[in-house]
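Undergrad: Take this structure, written in structure tokens, and hold onto it; I'll ask about it next.
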Amino acid sequence: MKVLISNDDGPPSLKESPFILPFIEHLEKLGWDVRVCLPDSQKSWIAKSFMITEEVQLRYYNRKTKEITIEKENDNDFYLLSGTPATCVNIALNHLFKDEEFDLVISGPNFGRNFSNIFTLASGTVGAAMEGVLNKQKAVSVSFCFCNQRPECIKNCCETASDIIEHLYSLSDNDHIPWPENVMYNVNIPMVEYRCPIHITDFHKTNYGSLFKRVEDKIGKNRFIFSPDFTANHNKPDGLPGTDKWALMNKYVSGKDNIHLYL
């Protein structure tokens, strides 16, 4: 398979983007042909936005030195853009790799879960996959949930993700179950070392209040900083059977199969 990879967590980083490099290396070991275009910094909670008044700068991530460079130094360097996840997918498909054809756009693996309406709608990971669909590509967003970074858990999540993606693609490729038009898949995989049951789910529907905290500095100037508290939302055992929250609470893989983009 030939795939374009993007994410919303940025280039490889133990703190903010620990799964992107292991996932790509896993796909390459399977023989997949991988192209990579990522935001050059953390871009979570940005959905499918574009910063239309800002120029987008191109740099590269050197996989050997783990440094960000102005010039491309190796064939397998990652492309980095100073834009949103959706920007990365759009520029990658229409400029950086415009003469190449992809089987699939994969966004992720996200560092954390993208379940329920509130997190999925805000997710830059999902936004990148949506941009792939709007550019006439098959697309999947993938999240590794619960933020465990044990190597055996990361390995299991990478293997689970590639198996699910390959299964979905093979079904559509053989015309058994055609890939729905204007649809992307959203997959959440529990961060455990064993294979989990897979469920096709609906969104858990919930809501939240303020996402910001008001702070006052020494000169009395008021400011607001992003400071959400989702503890109650995560811990409430209100995930109805068949929803993505219910699946993750029970250590199941959650697959959302009907995120439609009506063009």
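The values are calculated or read from the model by the stated rules, or taken from the named source; none is laboratory data. This structure is a prediction, so every number in the text was calculated from the model and none was measured. In this analysis, Cβ positions are derived from the backbone assuming ideal geometry, glycine residues included, and neighbour counts consider all displayed protein chains. Accessible surface areas use protein heavy atoms only, side chains included; no ligands, DNA or RNA. Shrake-Rupley method; radii C 1.70, N 1.55, O 1.52, S 1.80 Å.
Undergrad: Choose one of A86, H167, F102: the residue whose Cα lies farthest towards the positive end of the charge dipole of the range 78-171 (beta-carbon charges +1 Lys, Arg; -1 Asp, Glu; about the Cα centre).
TA: Towards the positive end, the residue furthest out is A86.
Undergrad: Tell me the accessible surface of E28 in square angstrom (1.4 angstrom probe, heavy atoms of protein chains only), to the nearest ten.
TA: 70
Undergrad: Among bridges DSSP assigns within the chain, what percent are antiparallel (round to 5)?
TA: Of all bridge pairs located within the chain, approximately 40 percent are antiparallel.
Undergrad: For the range 149-231, which trypsin sites (Lys or Arg not before Pro) are in a loop by DSSP, counting at most 14 other Cβ atoms within 10 Å?
TA: R195, K205, K218, K221
Undergrad: A follow-up question, please. Compute the separation of the alpha-carbon centres of the range 1-30 and the range 144-171 and state it in Å as a whole number.
TA: 12
Undergrad: Pop out the carbon and sulfur fraction of the accessible area of the chain as a percent, whole number, probe 1.4 Å.
TA: Heavy-atom surface of the chain belonging to carbon and sulfur, 1.4 Å probe: 51 percent.
Undergrad: Counting only heavy atoms of protein chains, what accessible area per residue, in Å², does the chain have with a probe of 1.4 Å?
TA: Ligands and nucleic acids excluded, the result is 51 Å² per residue.
Undergrad: Rounded to the nearest 5, what % of DSSP beta bridges with both residues in the range 82-236 are antiparallel?
TA: Roughly 30 percent of the DSSP beta bridges within the range 82-236 come out antiparallel.
Undergrad: How large are Rg and Dmax for the chain when only the alpha carbon atoms are used, in Å?
TA: Cα-based Rg and Dmax for the chain come out at 18.4, 66 Å.
Undergrad: A further question follows. Can you give the calculated 222 nm mean residue ellipticity of the chain, where each DSSP H run of n ≥ 4 adds -39,500 (n - 2.57) and the sum is split over every residue, rounded to the nearest 500 deg cm²/dmol?
TA: Mean residue ellipticity at 222 nm (helix-derived): -7500 deg cm²/dmol.
Undergrad: Run the numbers on the range 1-65 and let me know its relative contact order in percent, using alpha-carbon pairs under 8 Å that are six or more apart.
TA: 40
Undergrad: Please list, or write none, the lysines whose alpha carbon is within less than 22 Å of the alpha carbon of K48, excluding same-chain residues fewer than 8 places away.
TA: K98, K136, K138, K205, K256
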